[in-house]
Amino acid sequence: MNRVLGIIAEYNPFHNGHLYHINESKKAVNADYTIAIISGNFVQRGDTSLIDKWSKAEMALKNGVDLVIELPLLYSISSAENFAEGSIKILNSLNIVDYLSFGSELCDVNILNEFANVLYYEPKEFVSILNHELSKGFSFPKARENALLLYLNDIRKYANILSSPNNILAIEYLKALKKFKSPIVPVSIYRKKVDYNSTKVVDNFASATAIRKIAMTNDVWSLRQVMPKSSFDIMYDCLRSRKSSC
């Protein structure tokens, strides 16, 4: 029986880290097919995508994805919770997806699931602690982080988990899987070399944030180092055609 892998991404743009994630995910679950839910022309926080949705889809299809489905705008520009919920809703509704793979700084689904369980089921003691933290004037994200650490009562084990963006998104994916009572099995792949939003280039890896900044400087050589050739070619043509139309 075929195994189908689900991936949720923005691919803004598709880089070597994304290719690494796809390849490692396929190996981890022995996938026969891969489906990617990706944001379109607009991404989280309402930013405009560096390249158009058709080009992003083409990048994915040329690098190991078999089917690309656009995440509706309502979800793609929303909070991490809504972004995750909309994506999981689509994957779950297909009734063919066996696994969901996401990258994270922690790479331990069991620990991430402990957080997801508390946030989804909201035990009374946790809610009480959360309200107390909010009464101190903390922002909701900080109050929630404090309440989780106090409720789980193991600072050494859980410290800094909620300060990492990919961990936060992973927890939201796990919450959504619970909400939809989904049979999809979550798998986590360790985020390699560079952190989310890092502006550093390490070996041939760079974050999408760094790549977008490099693209604005026309440093073609650097872009070639951190993107698969097919992705670079698509982005280069896209950016060149944009300039010629100005």
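Worth pointing out:
- Applying 0.36 nm per residue to the separation of residue 48 and residue 164 and subtracting their alpha-carbon distance, the gain on full extension is 39.4 nm.
- Gap separating the Cα centres of the stretch 67-144 and the stretch 154-188, nearest whole Å: 6 Å
- Per-q log10 I(q)/I(0), the stretch 35-149, q = 0.12, 0.15, 0.20 Å⁻¹ (Debye; single scatterer per alpha-carbon; no solvent): -0.59, -0.85, -1.17
- Exposed trypsin sites (Lys or Arg not before Pro) absent: longest stretch of the chain, with sites in DSSP loops and at most 10 other Cβ within 10 Å deemed exposed: 1-135
- Estimated FRET transfer efficiency when R0 is 22 angstrom, pair residue 178-residue 96 (beta carbons, to 0.05): 0.65
- Pairs with C-alpha atoms separated by more than 30 Å, drawn from the list 157/192; 62/192; 181/213; 89/136; 193/229; 62/193, are 181/213; 89/136.
- Applying 0.36 nm per residue to the separation of residue 69 and residue 154 and subtracting their alpha-carbon distance, the gain on full extension is 26.6 nm.
- A cut-off under 11 angstrom between Cβ atoms defines the neighbours of residue 43, and their net charge, with Lys, Arg +1 and Asp, Glu -1, is +2.
- Where both bridge residues fall in the chain, DSSP classifies roughly 15% of the beta bridges as antiparallel.
- The mean of 1/r over all pairs of different alpha-carbon atoms in the stretch 123-163, once inverted, gives a Kirkwood hydrodynamic radius of 10.1 Å.
- Since only 103, 201, 165 are under comparison, the one whose Cα sits farthest along the positive direction of the charge dipole of the chain, derived from C-beta charges on Lys, Arg, Asp and Glu, is 201.
- Theoretical gain in end-to-end length, residue 139 to residue 23 [0.36 nm per residue, Cα-Cα removed]: 37.9 nm
- Two numbers describe the Cα atoms of the chain: Rg and Dmax, which are 18.7, 60 Å.
- Label positions at residue 108 and residue 2, each projected 7 Å from the Cα along the C-beta direction, are separated by 3.7 nm.
- Rounded FRET efficiency, nearest 0.05, which uses the C-beta distance separating residue 79 from residue 185 and R0 of 30 Å: 0.75
Taken together, the values in this text are just the output of simple stated rules run on the coordinates, not laboratory data. Please read all numbers here as calculations on a predicted model, not as lab measurements. Cβ coordinates were reconstructed from backbone atoms using ideal geometry, including for glycine residues, and neighbour counts include every protein chain displayed.
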